[in-house]
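Student: Input: one structure, supplied below.
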Amino acid sequence: MSNINNIHVLSRAVIIDQNHLLLCKTADLSVNFYFLPGGHIEHEESAEAALLRELDEETGAKACIKRLLGCLEYSFTPGHNSKCHNHEYNFVFEAEAETLTVCNKLPQLEKHIELVWMPLSQIAEIDLRAEPFKTLVPLWLKSSSSNVLHSVMI
(Lines give C-alpha, C1' and ligand atoms only; values in the text may rest on other atoms or scores of the structure.)
Protein backbone atom coordinates (compact mmCIF):
# COMPACT_ATOMS: atom_id res chain seq x y z
CA MET A 1 0.00 0.00 0.00
CA SER A 2 1.33 3.43 -0.94
CA ASN A 3 1.85 6.02 1.80
CA ILE A 4 0.10 8.62 -0.34
CA ASN A 5 -3.30 7.24 0.68
CA ASN A 6 -2.67 7.35 4.43
CA ILE A 7 -5.08 9.19 6.66
CA HIS A 8 -3.53 11.58 9.14
CA VAL A 9 -5.11 12.81 12.37
CA LEU A 10 -4.03 16.25 13.54
CA SER A 11 -4.70 18.61 16.40
CA ARG A 12 -4.70 22.34 15.58
CA ALA A 13 -4.87 25.56 17.60
CA VAL A 14 -6.72 28.79 17.03
CA ILE A 15 -4.94 31.41 19.10
CA ILE A 16 -6.30 34.94 18.81
CA ASP A 17 -4.80 38.14 20.20
CA GLN A 18 -5.91 41.68 19.33
CA ASN A 19 -7.88 40.43 16.31
CA HIS A 20 -4.85 38.55 14.98
CA LEU A 21 -4.60 34.79 14.41
CA LEU A 22 -1.37 32.94 15.16
CA LEU A 23 -0.29 30.99 12.08
CA CYS A 24 2.62 28.93 10.87
CA LYS A 25 4.15 29.79 7.50
CA THR A 26 6.20 27.29 5.53
CA ALA A 27 9.87 28.20 5.51
CA ASP A 28 11.44 25.33 3.61
CA LEU A 29 9.25 24.81 0.53
CA SER A 30 9.27 26.42 -2.89
CA VAL A 31 5.63 27.45 -2.33
CA ASN A 32 4.82 29.32 0.86
CA PHE A 33 1.49 28.85 2.59
CA TYR A 34 0.01 29.21 6.06
CA PHE A 35 -1.50 26.68 8.46
CA LEU A 36 -2.78 26.53 12.00
CA PRO A 37 -0.22 25.62 14.69
CA GLY A 38 -0.29 22.03 15.89
CA GLY A 39 0.42 18.70 14.32
CA HIS A 40 0.04 14.95 14.33
CA ILE A 41 -1.62 13.08 17.15
CA GLU A 42 0.61 10.20 18.17
CA HIS A 43 -0.58 6.68 18.99
CA GLU A 44 -2.31 6.55 22.40
CA GLU A 45 -2.17 10.36 22.72
CA SER A 46 -5.30 12.47 23.14
CA ALA A 47 -6.01 15.33 20.76
CA GLU A 48 -5.65 17.77 23.64
CA ALA A 49 -2.31 16.33 24.81
CA ALA A 50 -1.00 16.34 21.23
CA LEU A 51 -1.91 19.99 20.80
CA LEU A 52 -0.23 21.05 24.03
CA ARG A 53 2.89 19.07 23.07
CA GLU A 54 2.97 20.52 19.55
CA LEU A 55 2.48 24.09 20.79
CA ASP A 56 5.35 23.61 23.23
CA GLU A 57 7.57 22.25 20.43
CA GLU A 58 6.64 25.01 17.96
CA THR A 59 6.43 28.01 20.28
CA GLY A 60 7.96 27.05 23.61
CA ALA A 61 4.72 28.23 25.21
CA LYS A 62 2.78 26.45 27.90
CA ALA A 63 -0.69 26.80 26.43
CA CYS A 64 -4.11 25.96 27.78
CA ILE A 65 -7.05 24.75 25.77
CA LYS A 66 -10.24 26.77 26.10
CA ARG A 67 -12.63 24.65 24.01
CA LEU A 68 -13.06 22.40 21.02
CA LEU A 69 -14.08 24.51 18.04
CA GLY A 70 -14.64 21.76 15.51
CA CYS A 71 -13.31 18.98 13.35
CA LEU A 72 -12.51 19.28 9.65
CA GLU A 73 -12.29 16.21 7.45
CA TYR A 74 -10.30 17.22 4.40
CA SER A 75 -9.07 15.43 1.30
CA PHE A 76 -6.82 16.94 -1.35
CA THR A 77 -4.63 16.09 -4.29
CA PRO A 78 -1.11 15.49 -3.01
CA GLY A 79 1.66 17.68 -4.35
CA HIS A 80 5.20 18.71 -3.58
CA ASN A 81 4.16 19.98 -0.15
CA SER A 82 2.39 16.78 0.95
CA LYS A 83 4.06 13.60 -0.10
CA CYS A 84 2.91 11.60 2.92
CA HIS A 85 -0.89 11.80 2.82
CA ASN A 86 -3.94 13.27 1.12
CA HIS A 87 -6.71 12.80 3.67
CA GLU A 88 -6.75 14.30 7.14
CA TYR A 89 -8.89 14.90 10.18
CA ASN A 90 -8.14 18.17 11.97
CA PHE A 91 -9.37 18.59 15.54
CA VAL A 92 -9.36 22.35 16.09
CA PHE A 93 -9.23 23.89 19.55
CA GLU A 94 -9.33 27.46 20.76
CA ALA A 95 -6.24 27.90 22.92
CA GLU A 96 -4.24 30.60 24.65
CA ALA A 97 -0.84 31.15 26.20
CA GLU A 98 0.34 34.15 28.21
CA THR A 99 3.54 34.46 26.19
CA LEU A 100 1.83 34.29 22.79
CA THR A 101 0.68 37.84 22.20
CA VAL A 102 1.00 40.29 19.34
CA CYS A 103 3.23 42.46 21.54
CA ASN A 104 5.73 39.67 22.29
CA LYS A 105 8.34 38.52 19.81
CA LEU A 106 7.45 35.10 18.42
CA PRO A 107 10.09 32.41 18.87
CA GLN A 108 11.27 30.51 15.79
CA LEU A 109 12.02 27.07 17.23
CA GLU A 110 11.54 24.88 14.15
CA LYS A 111 13.45 25.42 10.90
CA HIS A 112 10.57 24.41 8.63
CA ILE A 113 8.06 26.99 9.93
CA GLU A 114 7.89 30.67 10.74
CA LEU A 115 5.35 31.84 13.31
CA VAL A 116 3.37 34.93 12.30
CA TRP A 117 0.42 36.96 13.52
CA MET A 118 -2.12 37.51 10.75
CA PRO A 119 -4.96 40.04 11.06
CA LEU A 120 -8.27 38.16 11.03
CA SER A 121 -9.44 40.54 8.31
CA GLN A 122 -6.76 39.15 5.96
CA ILE A 123 -7.42 35.43 6.42
CA ALA A 124 -9.58 35.19 3.28
CA GLU A 125 -6.76 36.68 1.19
CA ILE A 126 -3.92 34.30 2.09
CA ASP A 127 -3.08 30.72 1.11
CA LEU A 128 -4.34 29.09 4.30
CA ARG A 129 -4.34 25.30 4.34
CA ALA A 130 -6.74 23.60 4.60
CA GLU A 131 -8.79 26.05 2.53
CA PRO A 132 -12.07 25.55 4.48
CA PHE A 133 -10.41 27.04 7.58
CA LYS A 134 -10.82 30.48 5.99
CA THR A 135 -14.57 30.35 6.62
CA LEU A 136 -14.74 27.74 9.39
CA VAL A 137 -12.49 29.47 11.93
CA PRO A 138 -14.55 32.70 12.06
CA LEU A 139 -17.77 30.65 12.10
CA TRP A 140 -16.54 28.40 14.90
CA LEU A 141 -15.33 31.36 16.98
CA LYS A 142 -18.79 32.96 16.81
CA SER A 143 -20.67 29.76 17.61
CA SER A 144 -20.89 27.76 20.78
CA SER A 145 -21.70 24.40 19.20
CA SER A 146 -23.29 24.42 15.75
CA ASN A 147 -21.56 22.96 12.71
CA VAL A 148 -18.80 21.39 14.79
CA LEU A 149 -18.03 18.67 12.24
CA HIS A 150 -17.30 19.79 8.70
CA SER A 151 -16.37 17.47 5.85
CA VAL A 152 -15.42 18.27 2.29
CA MET A 153 -16.16 14.64 1.37
CA ILE A 154 -19.16 14.08 -0.90
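Student: Since G60 meets every condition but one in (1) in contact with a His (Cβ under 9 Å, 6 or more places away or on another chain); (2) touching a residue at least 40 places away in the same chain (Cβ under 8 Å), which condition does it not meet?
Tutor: Just one mismatch for G60, condition (1).
Student: If a residue must be assigned to a helix (DSSP H, G or I), surrounded by 15 or more Cβ atoms within 10 Å (Cβ to Cβ) and acidic (D, E), how many such residues does the stretch 114-154 contain?
Tutor: Summing the residues that are assigned to a helix (DSSP H, G or I), surrounded by 15 or more Cβ atoms within 10 Å (Cβ to Cβ) and acidic (D, E) in the stretch 114-154 gives 0.
Student: Next question, about the same structure. Would it be correct to say that K66 is surrounded by fewer than 16 Cβ atoms within 10 Å (Cβ to Cβ), modelled with pLDDT of 95 or more and more than 14 Å from the chain's Cα centre (by Cα)?
Tutor: yes
Yes or no, residue by residue, for (1) of a type outside the set (F, W, Y); (2) without any contact (Cβ under 8 Å) to a residue 60 or more places away in the chain; (3) at negative phi; (4) touching a strand residue (DSSP E or B) at 6+ places or on another chain (Cβ under 7 Å):
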residue	(1), (2), (3), (4)
L23	yes, no, yes, yes
T26	yes, no, yes, yes
F33	no, no, yes, yes
E48	yes, yes, yes, yes
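Student: Among the listed residues E110, E96, E42, E54, which satisfies the condition of being free of Cβ contacts under 8 Å to residues at least 40 places away in the same chain and either farther than 22 Å from Q18 by Cα or over 13 Å from the mean Cα position of the chain (by Cα) (or both)?
Tutor: E42
Student: If a residue has to be out of contact with any Leu (no Cβ under 7 Å at 6 or more places or on another chain) and closer than 20 Å to K111 by Cβ to count, how many in the stretch 11-32 make the cut?
Tutor: Selection size over the stretch 11-32: 8.
Student: Evaluate the following for L128: is it of a type outside the set (F, W, Y), within 22 Å of N32 (Cα to Cα), in contact (Cβ under 8 Å) with a residue 24 or more places away in the chain and out of contact with any strand residue (DSSP E or B) (no Cβ under 8 Å at 6 or more places or on another chain)?
Tutor: Judged against the criteria, L128 is not a match.
Student: I'm trying to understand the selection: among the residues of the stretch 76-98, which are in a loop (DSSP other than H, G, I, E, B) and modelled with pLDDT of 95 or more?
Tutor: A97, E98
Yes/no per residue for (1) in a strand (DSSP E or B); (2) of a type outside the set (G, A, S):
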| site | (1), (2) |
| --- | --- |
| L21 | yes, yes |
| D28 | no, yes |
| G39 | yes, no |
| H43 | no, yes |
| A50 | no, no |
| L55 | no, yes |
| E58 | no, yes |
| I65 | yes, yes |
| G70 | yes, no |
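The values are calculated or read from the model by the stated rules, or taken from the named source; none is laboratory data. Since the structure is predicted, the reported quantities are computational estimates derived from the model, not experimental observations. For neighbour counting, all protein chains shown are included, and Cβ atoms are generated from backbone atoms with ideal geometry for every residue, glycine included.
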